[in-house]
Amino acid sequence: MILIKLGGSVITDKSQYRTFNKERVARLCSEIKESGHKALIVHGAGSFGHVLSKRHGIQNGYVSEEQIPAVAEVQYDVRDLSLMVVREMLNVGIPAVSVPPGSCFVLDDGKLVASDTEAIERLADAGVMPVLFGDVLMDRVKGFGICSGDTFMEKLAELFDIQKTVFVSDVDGLFTADPKTDGNAELIEVVDKNVLENIKSKSDIDDVTGGIRFKMEAMLRMSTADRDCVLVNGTVAGRLGALLKGETVISTTAKGGIK
Ligand code: IPE
């Protein structure tokens, strides 16, 4: 089984509140279906999660009563997004069900507590793919917080027999510098622990879960001796499909773990 995260930057316009990219999600779902692989999907929140979360400081936990309506609004928005993603999966013939993490998991001082995963495991075993996503979770210490889809990727990689993990983003991979502003920026095709330490990275859009460096760290943690973790650009038609079919495509591969 292949584990894929559809990043919020690919499935939404991250700069504008609640803008879903239906055509792109439909295309990516077709590419996954046509690859013939069984895939477990996680998706990001994009502008359905980050905009309001940032405005109300949801990622910092409880500070004031004023945040409470936003906790509910953000959960509403990301569920809404997830149903739209799942609709596109169903349309191409991938049986899937949206599983809202905020209703099944909690955080303990920012750390995911995922003790009861039976429903998720039984869904996948039956071939009905559980779709998890970045969400607002209640926190035993801080009241509430944000849990990124990347964290669920790590959890699912522990629970299931995963051959390959793929992060679908809006960039070609990890670069030596920001390719948008630096003409000398070069794509780094393979990242290991040493390479990551030498890269300074910043996210240029409002992102409450840490941007590309956090993603690379999560990717390295998820890579093992026999399981690579690949970052690929989903805004380019056909690239995810080609990668899933085993072709060599422009991408960055995390190898060898983080220890
Ligand atoms: C963020 O999830 C969740 C919320 C802001 C509620 P992700 O970190 O997985 O989302 P993207 O991929 O960056 O949009």
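The values are calculated or read from the model by the stated rules, or taken from the named source; none is laboratory data. What you are looking at is a predicted structure, and each value in this text was computed from that prediction instead of being measured. Every residue, glycine among them, receives a Cβ derived from its backbone with ideal geometry; neighbour counts consider all protein chains shown. Surface areas here come from the heavy atoms of the whole protein model, side chains and all, with no ligands, DNA or RNA. Shrake-Rupley method; radii C 1.70, N 1.55, O 1.52, S 1.80 Å.
Residues that are out of contact with any helix residue (DSSP H, G or I) (no Cβ under 8 Å at 6 or more places or on another chain) and either part of a strand (DSSP E or B) or among the basic types (Lys, Arg) (or both) were ranked within segment 9-51; the one that is nearest to the ligand (Cβ to nearest atom) is 27.
Applying the criterion of being free of Cβ contacts under 8 Å to residues at least 60 places away in the same chain and outside any helix (DSSP H, G or I) to the residues of segment 69-96, the residue that is nearest to the ligand (Cβ to nearest atom) is 96. Scanning segment 222-245 for residues that are open to solvent by 50 Å² or more (accessible area, probe 1.4 Å), within 20 Å of residue 1 (Cβ to Cβ) and modelled with pLDDT of 95 or more turns up just one, 245.
What residue, among those in segment 52-68 that are assigned to a loop (DSSP other than H, G, I, E, B) and open to solvent by less than 70 Å² (accessible area, probe 1.4 Å), is farthest from residue 247 (Cα to Cα)? So, considering only residues that are assigned to a loop (DSSP other than H, G, I, E, B) and open to solvent by less than 70 Å² (accessible area, probe 1.4 Å), the one farthest from residue 247 (Cα to Cα) is 64. Contact map, segment 170-181: residues that are in contact (Cβ under 8 Å) with a residue 12 or more places away in the chain and more than 20 Å from residue 220 (Cβ to Cβ) paired with residues that are part of a loop (DSSP other than H, G, I, E, B) and open to solvent by 50 Å² or more (accessible area, probe 1.4 Å), Cβ distance under 8 Å, separation 6+ or inter-chain. Pairs shown: 170/235; 178/202; 178/204; 180/204. Only residues that are assigned to a loop (DSSP other than H, G, I, E, B) and out of contact with any Ser or Thr (no Cβ under 8 Å at 6 or more places or on another chain) were counted across segment 151-170, and they come to 4. Of the residues making up segment 104-154, those that are within 16 Å of the ligand (Cβ to nearest atom) and among the polar types (S, T, N, Q) are 148, 151.
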